[in-house]
Amino acid sequence: MKKSTYILFAVALVIFIVALYFYRKSFKEIIYYTDLLNNSHEVINGYEKLSNDLKAAQILSSEMDASRVRGLADIYKKNAGNIAGDLAHLNENVMDPLNKKRLDTLTGKINREATWLFSSNIHDTLLLGTPEKRLSELYGIQNLIDSSIARANVVMDGRKEKLESTLSWNNFFILAFRVFTLVILLVTITLVVLHSRQKEKSRAFLDSVLNSSQNGIISYEVIRTKGLIQDFRIVYANEAIRQNTDLDPSQIIGKTILELAPEVKSNGVFTKFCHVAETGGKLRYEVTTNKGTFDVLLAKFMDGVTASFFNITELRNSGEELKKKIVELEQSNYELEQYAYVASHDLQEPLRKIRIFGGLIRDRTERHLDQANQSYLQRLIEAAERMTNLINELLKFSRLFKPERQTKSINLNDVLQNILKDFDLMIQEKKIRISAGQLPSIEANPLHMNQLFYNIIHNALKFSDSKEDAMIEVSAQELSRADLKKHESLDNRFRYYEIVFKDNGIGFNQEFATQIFEIFKRLNEQHIYQGSGIGLALCRKITLNHHGVIWAEGKEQQGASFHVILPAEQPNTTT
C-alpha cells in the first residue's frame, strides 16, 4: 500500500473522530435542552395548577349548602388540599433564579393566608366587609403567579431557541458526515482502482524484466504435512526456462519439483531446497545437465524458495580458453622482453662504435675536411648519441611494465635533495631559485621515486627559458576526505599526499595537458629543447604503479605545475 493511502486513511480517521465528537456533543445538548424545555412546561403547568387550586380554595366555604352542591364541594376541597403539594412540586422544578425567588415569596404569602383561605371564601369576605387588605393579598398572590408564568414562558422560549439551534447544528453535522463519508468512499474506490492498475502495470513490468532476463527464474511454495516439507510447488517461471530446459513455463506452473525431476531426491538438490526454506539463507551451487553446466542460486521468498540459474557452459569454456591465452601472452611478453633486451644491447654496440670512430675521424681529419663535411660528421656523432639515450630511456620504460616488487618507507625530502645535487651545476648556470616545503615519508620504490623526481625537476629546469626570476617550488599536503572524492581511482581507506612541482617557465597550452604524458609526444621542436620524449611518460607509469594519480596544469609563457598524488602506504604491499 502506498504512503498516500496511509495519509488519506489517517486524515479520514482524524476527521471522523472530530465529527463524531461534535455529533455526540450536539446530541447531548439536544437531550439537555429537551429536558429543560420539558421542565419549562412542567413549571408552567405547575403554576397554572396552583392558580386553579387557589381559586378552588377561595370558592369553597364551610357554610356552603351541602345538600345542593355536595359533589362540587368535594372537588373544591380536594383541589384546595393540593396547594401544599403544588408548592413542593414547583420548588423541585423551578430552576430560573428569578422565578425561584418569586416562588419563595409566593410560598410565604400562601402560608400566611392559608388559614383564612380555608375558613372563608370571596363571597363571604365581600358580604362581611372584610378589610381590603385580604383582597389585596389575594390579588398579590395571583399577580405573582401570573408573572411567574410569564417568566417561565420567556425562559421556555429561550430554551426553544437553543434547542432549535442545536438541532440545526446536529442536522449540519449529520449532513457533513454523510457527505464526508461519500467523499471518502469515492476517493477510496478511486485509489483502489488506481492501485489496482498500478499493480497490474508493475506486475507487467516485472514480468517483462524477468522474461527478458537470460537467467532462468522459478519460484516454489513449500508443501508441508504436519509441519514437515514434502515437496515444492511451482508458482512462477519466466521465459528463460524454455531455452534452458525445453519446458513450457505456462505448463509447469502448479506442478511440483518431484513431479518434474524425481532425481532431485537422490542427487541432494531437494535437501538444498529444504535447507534454504528452513534457514532463510542463500545457497549457490553448480549442476550439469544435458543442456550444459548451470550456476544455481537458491534464496528464501516468503514460505518458499526462488531459484535462479544461468548457463555458464560458454563462460567456463571461455575461461579455460582465456587461461590458455594468458599463458601464451605471458610467454610472448617474456620472449618480447628478451628480444627487446638483446636488441637494445646489440644496437648499443654499433652505436658505441659509430660514436667512437666518428670522434676519432673528427679529431684526426679536423684540418683536412671542409666545414660542410665536419658538420655532417658532427651530426652523425650527435645522432648516434641521441639514439643511445633513446634506447636507454626505452629500456627504463619497458622495465616499468614489470615493476620491482620491493617497497619501503622513504623520506621524499631526501629524494628531492639528492636530485637537486645532481642538477646543482645546471641550477647555478640558469640562476633558478628552488623553494621546497616539508615533504612526507611514504611507502614506495626508492629507485622509482628518484626517477619520478628526476624527470619532473629536469623538465622544469629545461623549460625555465633562462628567466631572471626563474623559480621552482615543491610543496606537499595530505588530502582530505572531500579531496579524495574528486578522484574516483583512489581508495578512501588510505591516506594520500599531493606533491606539487610548480615553475614559471614557458608553460604549455592546457588542451595538451594529457598529451604530454604520452610516449614520444613533444610540444616543442627537438633542436630547441632536446629530449627523448619519454620522461613524463615514465612519471605517469611510475605514479600508476604506485596506485597514484598525476596531472599537469599550465599556461603559455606563465609556467606549469605538476600534481602527483601518492598513498602513504601501498594498498597492496606486494607491488
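Looking only at segment 424-443, how many residues end up being over 54 Å from the mean Cα position of the chain (by Cα) and either charged (D, E, K, R) or surrounded by 12 or more Cβ atoms within 10 Å (Cβ to Cβ) (or both)? Don't jump to the end; show me each part of the working.
Taking segment 424-443 as the starting set, the residues that turn out to be over 54 Å from the mean Cα position of the chain (by Cα) are 424-433.
With the extra rule that they be either charged (D, E, K, R) or surrounded by 12 or more Cβ atoms within 10 Å (Cβ to Cβ) (or both), the set shrinks to 424, 426-427, 429-433.
Qualifying residue count for the region: 8.
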Residue within segment 539-548 that is polar (S, T, N, Q), buried (at least 19 other Cβ atoms within 10 Å of the Cβ), at pLDDT below 80 and in the same structural domain as H458 (by TED's automatic domain parsing) present
no
Output the number of residues of segment 240-283 satisfying the condition of being part of a strand (DSSP E or B) and loosely packed, with under 12 Cβ neighbours inside 10 Å.
1
Would you say F232 is in contact with a helix residue (DSSP H, G or I) (Cβ under 6 Å, 6 or more places away or on another chain), in contact (Cβ under 8 Å) with a residue 12 or more places away in the chain and not in a helix (DSSP H, G or I)?
yes
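Considering only segment 288-299, how many residues are more than 25 Å from R224 (Cβ to Cβ) and assigned to a strand (DSSP E or B)?
Residues of segment 288-299 more than 25 Å from R224 (Cβ to Cβ): 288-295.
The next check asks that each one be assigned to a strand (DSSP E or B); those that pass are 288-289, 292-295.
Residues in segment 288-299 being more than 25 Å from R224 (Cβ to Cβ) and assigned to a strand (DSSP E or B): 6 in total.
For segment 384-416, give me the residue count where each residue is at pLDDT below 80 and of a type in the set (A, V, I, L, M, F, W, C).
Start the filter on segment 384-416 by keeping residues that are at pLDDT below 80, which leaves 384-407.
If we keep only those that are of a type in the set (A, V, I, L, M, F, W, C) too, we end up with 384, 387, 390-391, 394-395, 397, 400-401.
Counting residues in segment 384-416 that are at pLDDT below 80 and of a type in the set (A, V, I, L, M, F, W, C) gives 9.
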Among I419, I442, I381, which is modelled with pLDDT of 75 or more, assigned to a strand (DSSP E or B) and more than 22 Å from K555 (Cα to Cα)?
I442
Pick from segment 188-239 the residues that are of a type in the set (F, W, Y) and surrounded by 16 or more Cβ atoms within 10 Å (Cβ to Cβ): which of them is modelled with the lowest pLDDT?
Y236
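The values are calculated or read from the model by the stated rules, or taken from the named source; none is laboratory data. Since we're looking at a predicted model, the values are computed, not measured. Neighbour counts run over all protein chains shown; Cβ positions are idealised from the backbone, glycine included.
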